[in-house]
Every structure is written in C-alpha cells, then in structure tokens.
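Step one of this worksheet: look at the structure below.
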Amino acid sequence: MKIRKNFVLKKRLIIMLVTGLLLTCTGMEALAAITPDQFIEKGKEFYHKGDFEHAASQWDQAISLLDADNDAGIYLDTIVHLANAYQSIGYHDRALAALNRALPVFEKSKDRRRNIIFLSTLGDINFCLGNMEDAVKYLLKGAEEAKEAKDPRAVATILNNVGNGLAADHDYDTAAGLYEECLELIADSEKDADLKITVLLNLARVEFQKEQYQQLSDIAPYLLDEIAALPDSFHKASNMITLSRLIWKLREKIDQPDKELTYIAYLALEEAKLIGGELDDPRIISDANGYMGQLYESEGRYQDAMRLTRRAIFFAQQGKFPKILYFWQWQLARLFRAEGDIENAINAYKEAVSTLTPIRQMLFRGFRSREDVFNEKVKPVYAGLAEMLLKQSETIQDNASRQKKLIEARDTMELLKTAELEDFFADECLIALKGQETSLERTPPHTAVLYPIPLSDSIAMLLTLPDGIKYISVPVGSEELAKTITQYRELLQTRPNNRFLHDAQQVYDWVIRPLEADLTAHEVDTLVVAPDGVLRLVPFSTFHDGEHFLVEKYAIGIIPAISLTDMKPFEKKDINILISGLSEGRQGFSPLPSVEAELRDIKKIMNGQVMIKNKDYTIDNLTQEFKNNPYSILHVATHGVFGGTPEQSFLLAYEDKLTMNHLENLIGLSRYRKQKVELLTLSACQTALGNERAALGLAGVAVKAGVKGAIATLWFVDDEATSLAIREFYRQLQTGITKAKAMQNVQKKLIAQRRYWHPLYWAPFLVIGNWM
C-alpha cells in the first residue's frame, strides 16, 4: 500500500530530525487579546474542568471575533485550543476542519513555537483519523521547525505525537525511545508536569504492548505518586482513571497479580471519584464508579459492582455521555447474567444496544488503532444479548412464543453483522444505500438458512426451515473451535494430502450432523449459511461426513446476513455481460496465462459483446463502458486481494488498483437503469490466511459493490483449475438453475476428477449473497 510505504520510509527521517536536539528555553509572553479575551479565558476555565463542549463554544466565539491577520498568534493558539477540545469530545473531523481552515494563517506565521504546536496538533489528529500520509507530512514540517526552535515543551510535544504514531504502527521500540527523549527534554520543568504524565502513561502503554509486564508492575506505584502530585483538575482525574485501566489490563496478563497492584487501581479510582465530586463533573464520576464496579466484578463482588455500576449509569445519563453510558449498561447486563437473572440481563443488554446502535461509528473516529475496538467493545454487546435471548427461549414451552424469541435473537445478530460490515468498510451509510432490508421467518421449499453463532462455551445454531426456525446448541468451547478451524484452513491450502479429513469430519460433527434429521425431513437441497467469526475462514462445502463432502449433498451459498441479501431470483433473460481481465504480470503480481482462454470461452458461452483485457483493462475504460452501456454481469479475471482493511483490499487493473470504493462507484453507475448489475464474478481473489476481517470483507463484497450476488474465491487457486471452474459455472448457469446449484455441479465435477479431488482446487469458490 502506497501510504503504508511512505510512512515506513519517512518515519526514520522524522526520528533523525527530532532525536538528540539539545534545546534551551527562551520563553515567550502570551499576546493579549482585547475583545475576544474573555471568551478565550472562559474557554480555558471550562477546559480545565473537563467541560469540553462549553470550552469549544467559547473558543469558537473568540475565533469569530479575532482578526486573523492582525491577531495571527492568538488566532492560531485559539484554533489549536478549539481542535483539542473537539478531539476530547470525539469530534475529530471537526478538529481537522478547524485546523485546515487556519492553514493560510499558519503559512504566514514566523513564530516557530506556535508553528511547532500547530503542526504537531495537525499531525496528531491526522494520525487519529488514519490519514497517515498527511500525518507524516505535517510532523516532518514540525520536526524541521523544531531544529530551529528553543522551546523544550514544543519539541517534547511533537516527539510525543510522533511516538504515538509509531506506537499505532506497532513500532513500539522506536516509540519508547522517543517518549524517553521527550522526558529528558522536560525533566527539570515543573510547569511541564502535565505533559510529563501524558508521556509517562504513553510509555507505560508501549511497555505493555512489548509485554514488559513485570517492569510495568514495578513502576505502577511511581506513576500513581507522579499523578497524585499534580493539582486537582479534570486531567489529573482522567490520568488516574487511565492508570487504573492500564493496571486492569496488566492484571489480566499476570497469572497471580500482586494485591498491591489491585490496591493501586482502587486508590487511583477513589482519587478520581473525589476530584470528580469536587468539580461536579459527571463524566469523571461516572467513569470512576464504573471502572471500580468492573474491578469488583472481576472479584465476584457482584452486589457491590451493581451499586457502583448503577451510579455510573446515573451520572452518564445526567451528563448525556452515550459513549460511556452503553458501556455501563453492558456491564450491568453482565452482572445480572452472573447472578443468573436472565430477565434483567436481557433488559440491560437491550438498553445497551439501544444506546450503542446510533453512536457506533463515533467509537472508531480518533482511535489510533481501531482493529480491536469492534471486537472488544461492540460485538460482545450484541452477541451477549443474542445469547441471553437464546437461553430464555429454552424455558419457553409455547412454540409460537419460542419462535418469536428465536427470531429476536437472530435479528440481534443481524444488527451485529450489519455493524461489522459498516465497521470494516468504514462506511456508516453502506447498508442504507443498498435498498430495503430483507426479513425471513420461513425459507422457500427445499432451502434452509443456517446461522451458526460461536459462543464462549458452545456453538449456537439457528436453522431456518420452510416451517419455522429451530435452535440447537453444541457444546464446544471457542478456543477449541478456533484452534481446529485455523489448523483446518491451513491443511485445506496445503498441497494435496488427506490430512485435512480429520478436521473436516470433526467440524461436520459439530455443525452439520446435529441438523441432518431436520434437513432430511424437509428435503433440503440448498443450504445457505451466514457464518460468523472464525467460521468465515473455511468453506462449508469441504465439511465431510466420512463418505462425502457437504457440497455433494447440498448446494451451498454464503450470505453476510439475511437482512443484507436481496432474495429476488436472478433474472436470466437478456443477460448482458462485461468480460474483463488481466493475463499479464503487473505491479509485482504474477501472470495468469489461462485468463486469455477463460475470457474468450466465457464470451462465447454467454454470447458476450464486449471484452476488456490487459493494457485496455484500466479503471478509466471500465468506467466509460459502464457509463455508456447497461450490464447485468461483470466478470473480472485478475488478481484480487482482501486484507484486514478496505485499504488492503483491491482488484488489480493494468495501471492501478481497483479499490472497493472504486468498484462501488463503478457498479453504482447502473443504479438507476432498468438493467442493473446483478452478478459480480471475481475469479482470482484471495484472503489472508487466518484473517477473520479479510474473510468478512470478502463476504460483504456484494453488499459493498451494490450487486445481488457475487462469485469469489477464498484463496488463490491454480490458474488452470480456476479457468475450468469458471467456464463450467457459466455453462451451468445458462441451463436455468440457481447460482448455488450451478456452483455445486462445478465442484462435484472437479471432485470426480482425481487431479482436482483435493479441496485446494475447488473449495475456495463461493456463491456470496443471492444464491438463486
């Protein structure tokens, strides 16, 4: 990825520029403002108390009154204050917009100290938003200014922000070095005690990531003393809470955590509670009570934990802080669950989901590392509610009431799957733009929809059949499932041998065998699966009953979620296909020699009129073709990569890479035509081995692209086998059968050939989305 390469190449240059600078402080008196002075000072008072909303309002008014030309220094200071306030609230885009508006003023400024602070703030916010190239650019400029400046705090600030960026990029050793350099610069400055604490906590986080647990445990008392020495303020209380959270994480990593360590966490939270009370700050009071409740939860003191958690909820509601409110509602749900109170647990989970759903995207803006935020802070809330609803269904005798409860559990998982795709593609409007959602209480004849949900101690399976929905629980722990599936995927991609069969039969026994009687009774011939978590990593077609692969018994389709699948049958009349591909090796990718024959044969089979290949296979040519002509199928025979993020996911074009956003825009050109693109075929894509997010991105490609369905591969297949499979798929499709059955016939045909019997060759082909 270009941005990634630029960052790696430049970060060493940043370090060379900012490390080892020997600076002395010259100091500068603040310029006095006249009319806006009252707003500026009032904003500082609010900010000191942690009231960032009112601080931002005061500074915004001050900026509107300032003359940017005559009061350039104060103007830049106030813009930085405003950006920091916005960032503290979570309005990172607003912070960036404010700084960008001030760029013309900054560019005229000759004040190196202010320039360093402005550039450091701008670089840090870009880091937070994932704009790595811009972050590097502004921090490089700041480093150049720092060479000439004589203000240790300004240099230390930019060192800290560069360290944050490197830590986000997992370069922990270099980040630690910069934090230590920063501490040396401000070691003797009492007025920089607040910055010193910030850097110490950042250094502690890095030591945690480096697994220096004992060292971190040893310095925890020192950190507590350093923070305690600060004057009481919002930031002191916030630092106390940060220290307690770090200790909480540390306790989870140590087999037998020192009691003193837990005591330090309690002391930090108790001090934060006192300061919060003195400041009458509901955010601090809520956090201090909530996290102390979490400590009690870990010790099994559930009643004390409930009392504190309810206080946390009260103050979060009072202060209107939904980002922490849902967190405490979720904590209360866990406490009710631990006490065996399913009814109240469900109510608390529902409140948490209700609070969380409208603010989900806010949780990710500003996280320097967002990879684990979803799995740690979002997914467990929805999954916890679904699990409680399933447990409640076990106690319901009336079939109609039980069916309603099971559908409610499945609908909760549907919300989760929607959230996962919006998170992966970083697009909160992703689902809204794709049309009406689908619901399903019963399936069409001979069709079943399977919803396997991996839980901590079992796999919960929701099977929707023509006469309703059934729930089956299989006792297998999440660790055992993950270990088996990971090994299974590796063996599936290992050059032909039979070692995969043991795992194939084990997973069959877990996931399919408990359903066999119902599938047989309903004469099911098509099984549609909405896999979750680790189960996305393997093709269900490869599960083996001891005699046959699953695909030999059922046509199989994969959907991201029922509500995200357009179930209207594929219109097979008047098919117009755009055939495209790349057989030449380009941009470091190997040639695909069989693509030439593949494209030629598909054109003949499908009576195609237009074929774009090799040097003509460019993004501009594809765009022009879609602008001018309607197509119902887009066939792309080129290297495709699905990584853990949208930026790492693309289709190779001759001159560039076709990103998922490009693909969405391209197919979107047909959105308002009578004939829309219904099927996207990607015949040579692959996902990173063991990467659940990459598999999630592949499963969501049809939704992102705005098509009913897609044909894609979970891993890169032998070039010749790919071409054989894809050609046969189109031949089968022309007979009028469903896409799932067409692919089933392809895979059965390959299995029947000794050369291609191994799943390595036929299993990665997936029918995604609409299977009809």
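Is it true that Leu243 is modelled with pLDDT under 95, in contact with a Leu (Cβ under 8 Å, 6 or more places away or on another chain) and part of a helix (DSSP H, G or I)?
Details: modelled with pLDDT under 95: no; in contact with a Leu (Cβ under 8 Å, 6 or more places away or on another chain): yes; part of a helix (DSSP H, G or I): yes.
It is false that Leu243 is modelled with pLDDT under 95, in contact with a Leu (Cβ under 8 Å, 6 or more places away or on another chain) and part of a helix (DSSP H, G or I).
Out of Lys259, Lys249, I need the residue that is open to solvent by 20 Å² or more (accessible area, probe 1.4 Å), farther than 29 Å from Leu159 by Cα and among the basic types (Lys, Arg). Which one? Steps first, answer last, please.
Details: Lys249 fails: farther than 29 Å from Leu159 by Cα.
Going through Lys259, Lys249 in turn, the sole match is Lys259.
Check Trp771 against each of (1) open to solvent by less than 40 Å² (accessible area, probe 1.4 Å); (2) more than 23 Å from Ser580 (Cβ to Cβ); (3) out of contact with any strand residue (DSSP E or B) (no Cβ under 6 Å at 6 or more places or on another chain); (4) aromatic (Phe, Trp, Tyr) and name the one condition it does not meet.
(3)
When you scan region 394-402, do you find a residue that is closer than 20 Å to Ile342 by Cβ, modelled with pLDDT of 95 or more and of a type in the set (A, V, I, L, M), even just one?
yes
Quick check on region 651-665. Is at least one of its residues without any contact (Cβ under 8 Å) to a residue 40 or more places away in the chain, closer than 22 Å to Gly697 by Cβ and of a type in the set (Val, Ile, Thr)?
yes
Within the bounds of region 706-720, is there any residue that is assigned to a helix (DSSP H, G or I) and either within 20 Å of the chain's Cα centre (by Cα) or of a type in the set (A, V, I, L, M, F, W, C) (or both)? Break it down into steps so the answer makes sense when it comes.
Filtering region 706-720 for residues assigned to a helix (DSSP H, G or I) gives 719-720.
From the residues that got through so far, the ones that are either within 20 Å of the chain's Cα centre (by Cα) or of a type in the set (A, V, I, L, M, F, W, C) (or both) too are none.
No, region 706-720 contains no residue that is assigned to a helix (DSSP H, G or I) and either within 20 Å of the chain's Cα centre (by Cα) or of a type in the set (A, V, I, L, M, F, W, C) (or both).
Give region 100-126 a look and list any residue that's in a helix (DSSP H, G or I), closer than 20 Å to Lys150 by Cβ and at pLDDT below 90, or say none.
Listed by number, the residues that qualify are Arg112, Arg113, Arg114, Asn115, Ile116, Ile117, Ser120.
Can you list the strands (runs of 3 or more DSSP E) lying wholly within region 600-702 that have 2 or more residues being open to solvent by 10 Å² or more (accessible area, probe 1.4 Å) and over 23 Å from Ala740 (Cα atoms)? Before you say what the answer is, go through the steps one by one.
Working: elements: 610-613, 633-637, 640-642, 650-652, 657-659, 679-682, 685-687.
The strands (runs of 3 or more DSSP E) meeting that bar are 610-613, 657-659.
Hey, could you check region 336-351 for residues that are surrounded by 24 or more Cβ atoms within 10 Å (Cβ to Cβ) and of a type in the set (A, V, I, L, M) and say which is nearest to Glu387 (Cα to Cα)?
Among those residues, the one meeting the criterion is Ala345.
Specify which of the listed residues (Ala176, Ala97) is in a helix (DSSP H, G or I), among the hydrophobic types (A, V, I, L, M, F, W, C) and surrounded by fewer than 18 Cβ atoms within 10 Å (Cβ to Cβ).
Values: Ala176 fails: surrounded by fewer than 18 Cβ atoms within 10 Å (Cβ to Cβ).
Every option except Ala97 fails the conditions.
Show me the helices (runs of 4 or more DSSP H) found entirely inside region 1-93 where at least 3 residues are among the small types (Gly, Ala, Ser) and at pLDDT 85 or above. Give the steps one after another, and end with the answer.
On the way: elements: 2-18, 37-49, 52-65, 72-89.
Filter on region 1-93 gives 52-65, 72-89.
Please go through (1) open to solvent by 40 Å² or more (accessible area, probe 1.4 Å); (2) farther than 23 Å from Asn84 by Cβ; (3) touching a residue at least 12 places away in the same chain (Cβ under 8 Å); (4) of a type outside the set (A, V, I, L, M, F, W, C) for Asp218 and return the number of the only condition it doesn't satisfy.
Single failed check for Asp218: (3).
Can you find even one residue in region 186-195 that is touching a residue at least 12 places away in the same chain (Cβ under 8 Å), open to solvent by 30 Å² or more (accessible area, probe 1.4 Å) and farther than 20 Å from Ile117 by Cβ?
Taking every residue of region 186-195 in turn, none turns out to be touching a residue at least 12 places away in the same chain (Cβ under 8 Å), open to solvent by 30 Å² or more (accessible area, probe 1.4 Å) and farther than 20 Å from Ile117 by Cβ.
Residue by residue through region 152-185, note down the ones that are aliphatic (A, V, I, L, M) and either at pLDDT below 90 or in contact with a strand residue (DSSP E or B) (Cβ under 6 Å, 6 or more places away or on another chain) (or both). Break it down stepwise before answering.
Taking region 152-185 as the starting set, the residues that turn out to be aliphatic (A, V, I, L, M) are 154-156, 158-159, 162, 166-168, 175-176, 178, 183, 185.
Within region 152-185, Ala154, Val155, Ala156, Ile158, Leu159, Val162, Leu166, Ala167, Ala168, Leu185 qualify.
In region 70-83, is there at least one residue being free of Cβ contacts under 8 Å to residues at least 24 places away in the same chain and closer than 18 Å to Ile40 by Cα?
Step one: filter region 70-83 for residues free of Cβ contacts under 8 Å to residues at least 24 places away in the same chain, giving 70.
Filter once more, so that each one left must be closer than 18 Å to Ile40 by Cα: 70.
Yes, region 70-83 has at least one match.
What pairs come out if I take residues in region 535-555 that are within 25 Å of Ser458 (Cβ to Cβ) and pair them with residues that are β-branched (Val, Ile, Thr) and open to solvent by 10 Å² or more (accessible area, probe 1.4 Å) whose C-beta lies under 6 Å away, six or more apart or interchain?
Phe540/Ile556; Ser541/Ile556
Considering region 675-694 alone, what residues qualify as being aliphatic (A, V, I, L, M), touching a strand residue (DSSP E or B) at 6+ places or on another chain (Cβ under 9 Å) and over 12 Å from Leu578 (Cα atoms)? Before you say what the answer is, go through the steps one by one.
The first filter runs over region 675-694 and keeps only residues aliphatic (A, V, I, L, M), leaving 677, 679-680, 682, 684, 688-689, 694.
Now narrow it down to the ones that are touching a strand residue (DSSP E or B) at 6+ places or on another chain (Cβ under 9 Å): 677, 679-680, 682, 684, 688, 694.
Passing the criteria: Leu682, Ala684, Ala688, Ala694.
Scanning region 571-580 for residues that are open to solvent by 10 Å² or more (accessible area, probe 1.4 Å) and in contact (Cβ under 8 Å) with a residue 40 or more places away in the chain, which turns out farthest from Glu441 (Cα to Cα)?
Going through region 571-580, the residues open to solvent by 10 Å² or more (accessible area, probe 1.4 Å) turn out to be 571-576.
Then drop every residue that is not in contact (Cβ under 8 Å) with a residue 40 or more places away in the chain, which leaves 571-572, 574-576.
Values: Glu571: 24, Lys572: 27, Asp574: 32, Ile575: 31, Asn576: 34 Å.
Restricting to residues being open to solvent by 10 Å² or more (accessible area, probe 1.4 Å) and in contact (Cβ under 8 Å) with a residue 40 or more places away in the chain, the top hit is Asn576.
Among the residues of region 257-306, what is the count of those that are part of a loop (DSSP other than H, G, I, E, B) and within 32 Å of the chain's Cα centre (by Cα)? Step through it out loud before you land on a result.
From region 257-306, those part of a loop (DSSP other than H, G, I, E, B) are 257-258, 280-281, 299-301; that's our starting set.
Cutting the leftovers down to within 32 Å of the chain's Cα centre (by Cα) gives us 257, 281, 299-300.
The qualifying residues number 4.
Considering Glu422, Glu480, which residue is at pLDDT 90 or above and part of a helix (DSSP H, G or I)?
Numbers: Glu422 fails: at pLDDT 90 or above.
Of the residues listed, the single one that is at pLDDT 90 or above and part of a helix (DSSP H, G or I) is Glu480.
Just to verify a result, which residue in region 545-561, among those that are more than 21 Å from the chain's Cα centre (by Cα) and either at pLDDT below 95 or part of a helix (DSSP H, G or I) (or both), is surrounded by the most Cβ atoms within 10 Å (Cβ to Cβ)?
Step by step, filter region 545-561, then rank; the result is Val551.
Take the residues in region 733-768 that are of a type in the set (S, T, N, Q) and over 25 Å from Gly706 (Cβ atoms), then tell me which one is surrounded by the fewest Cβ atoms within 10 Å (Cβ to Cβ).
Start the filter on region 733-768 by keeping residues that are of a type in the set (S, T, N, Q), which leaves 734-735, 738, 744-745, 747, 753.
Applying the additional criterion that residues be over 25 Å from Gly706 (Cβ atoms) yields 735, 744-745, 747, 753.
Values: Thr735: 10, Gln744: 24, Asn745: 19, Gln747: 26, Gln753: 12.
For region 733-768, the residue satisfying everything is Thr735.
Could you check, for region 523-543, whether at least one of its residues is aromatic (Phe, Trp, Tyr), touching a Phe, Trp or Tyr at 6+ places or on another chain (Cβ under 7 Å) and at negative phi?
Going residue by residue through region 523-543, those that are aromatic (Phe, Trp, Tyr) are 540, 543.
Keeping just the survivors that are touching a Phe, Trp or Tyr at 6+ places or on another chain (Cβ under 7 Å) gives 543.
Next, from what is left, pick out any that are at negative phi: 543.
For region 523-543, residues aromatic (Phe, Trp, Tyr), touching a Phe, Trp or Tyr at 6+ places or on another chain (Cβ under 7 Å) and at negative phi: present.
Checking Arg727 against (1) open to solvent by 10 Å² or more (accessible area, probe 1.4 Å); (2) part of a helix (DSSP H, G or I); (3) out of contact with any helix residue (DSSP H, G or I) (no Cβ under 6 Å at 6 or more places or on another chain), which test does it fail?
Only one criterion in (1) open to solvent by 10 Å² or more (accessible area, probe 1.4 Å); (2) part of a helix (DSSP H, G or I); (3) out of contact with any helix residue (DSSP H, G or I) (no Cβ under 6 Å at 6 or more places or on another chain) is unmet by Arg727, namely (3).
Could you please find all residues in region 314-330 being within 16 Å of Gln361 (Cβ to Cβ) and either among the polar types (S, T, N, Q) or in a loop (DSSP other than H, G, I, E, B) (or both)?
Listed by number, the list is empty, since nothing qualifies.
The values are calculated or read from the model by the stated rules, or taken from the named source; none is laboratory data. Computed from a prediction, not measured in an experiment: that's the story for all the values here. Cβ atoms come from the backbone with ideal geometry, glycine included; neighbour counts cover every protein chain shown. Note: areas computed on protein heavy atoms with side chains; ligands, DNA, RNA excluded. Shrake-Rupley method; radii C 1.70, N 1.55, O 1.52, S 1.80 Å.
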